[in-house]
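The values are calculated or read from the model by the stated rules, or taken from the named source; none is laboratory data. What you see is a predicted model; the values in this text were computed from it and never measured. Ideal geometry is used to build each Cβ from the backbone, glycine not excepted, and the neighbour counts take in all protein chains shown. These area figures cover heavy atoms from the full protein model, side chains too; ligands, DNA and RNA do not enter into them. Shrake-Rupley method; radii C 1.70, N 1.55, O 1.52, S 1.80 Å.
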Amino acid sequence: MTITIKKGKQADSLIHKVEQMTGQKLGTCFQCKKCTAGCPISKLAGSSPSEILRRLHLKAGDDLLNSEILWMCVSCETCSARCPMGINVAAVMDALRMLSREKNAAKQKGNVPLFNRAFLETVKYFGRTYDMAMITAYKLGTFKLMDDTEKFPAMLKKKKISLLPSLKGDGKTTRRIFKKAKERKEAGK
Ligand code: SF4
Ligand code: SF4
């Protein structure tokens, strides 16, 4: 497969930014592709974690933020666990997703960014994920309130979903973490 890489105006800024955000040394990647071999979605996404790393090395610009794989990645961390150089590839994907959202590149990727936002908001307020709030926020955003509701009783019966939030969540602490992260970001740290 031929990959076209569009260089950004500030050619080295994206890899530099990702390294800053993740604390990873991406230059140590030697393209062994062990991350890709274990990635459950790379075949579906038409791209791979090793390709993302390579494109960063080749100084890809913001064009990389439109890659579909960023929003198909399920954060399973298999890539990070398999990397012989100890690169936290999943954190790289996470950082690219954040940058994609910042640049609004994510708008083109269907409802995955919406789901991502709904997930993060529930973690922020409840201290851990709360399915009912997340589903409600997601469905309100899609305007498809009744889609898939036929599965709901069975999921409830099998205890795959809970009507109430977990008592173990510490929303106060997660809200503080989110606030701190926002302040750091605004301060450019
Ligand atoms: S974290 Fe994402 S990129 Fe890494 S193996 Fe899992 S799905 Fe693939
Ligand atoms: S496993 Fe690590 S070294 Fe190998 S291609 Fe992936 S990121 Fe690079």
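A few notes on this one:
- Picking from residues in segment 136-148 that are at negative phi and open to solvent by 100 Å² or more (accessible area, probe 1.4 Å), the one that is farthest from the chain's Cα centre (by Cα) is Met146.
- Of the residues screened, Ile41 is one that is surrounded by 13 or more Cβ atoms within 10 Å (Cβ to Cβ) and either at pLDDT 90 or above or away from ligand 1 (no atom under 14 Å from the Cβ) (or both).
- Sub-6 Å Cβ pairs linking a first residue in segment 39-56 that is among the small types (Gly, Ala, Ser) to a second residue that is not in a loop (DSSP other than H, G, I, E, B), at least 6 apart or interchain, are Ser42/Thr36; Ala45/Ile69; Ala45/Met72; Ser47/Ile69; Ser48/Thr36; Ser48/Ser42; Ser50/Cys35; Ser50/Thr36, ordered by first then second residue.
- Contact map, segment 155-167: residues that are in contact (Cβ under 8 Å) with a residue 12 or more places away in the chain paired with residues that are acidic (Asp, Glu) and open to solvent by less than 60 Å² (accessible area, probe 1.4 Å), Cβ distance under 6 Å, separation 6+ or inter-chain. Pairs shown: Ile161/Asp131.
- Helices (runs of 4 or more DSSP H) lying entirely in segment 66-125 (those with 3 or more residues that are open to solvent by less than 30 Å² (accessible area, probe 1.4 Å) and within 16 Å of ligand 1 (Cβ to nearest atom)): 69-72, 89-102
- Of the residues in segment 150-165, none is touching a helix residue (DSSP H, G or I) at 6+ places or on another chain (Cβ under 9 Å), among the hydroxyl-bearing types (Ser, Thr, Tyr), assigned to a helix (DSSP H, G or I) and more than 16 Å from ligand 1 (Cβ to nearest atom).
- Taken over segment 149-189, the residue count meeting the criterion of being open to solvent by 90 Å² or more (accessible area, probe 1.4 Å) and over 30 Å from Gln20 (Cβ atoms) is 10.
- Which listed residue, of Gly110, Gly127, Gly141, is more than 30 Å from Cys32 (Cβ to Cβ) and touching a Leu at 6+ places or on another chain (Cβ under 7 Å): Gly141
- The single residue among Lys33, Lys17 that is open to solvent by 60 Å² or more (accessible area, probe 1.4 Å), farther than 23 Å from Leu114 by Cα and in contact (Cβ under 8 Å) with a residue 60 or more places away in the chain turns out to be Lys17.
- Residue ID - modelled with the lowest pLDDT, chosen from residues in segment 136-187 that are under 13 Å from Phe126 (Cα atoms) and among the hydroxyl-bearing types (Ser, Thr, Tyr): Ser166
- Hits in segment 44-65 (condition: within 13 Å of ligand 2 (Cβ to nearest atom), open to solvent by 30 Å² or more (accessible area, probe 1.4 Å) and touching a Leu at 6+ places or on another chain (Cβ under 9 Å)): His57
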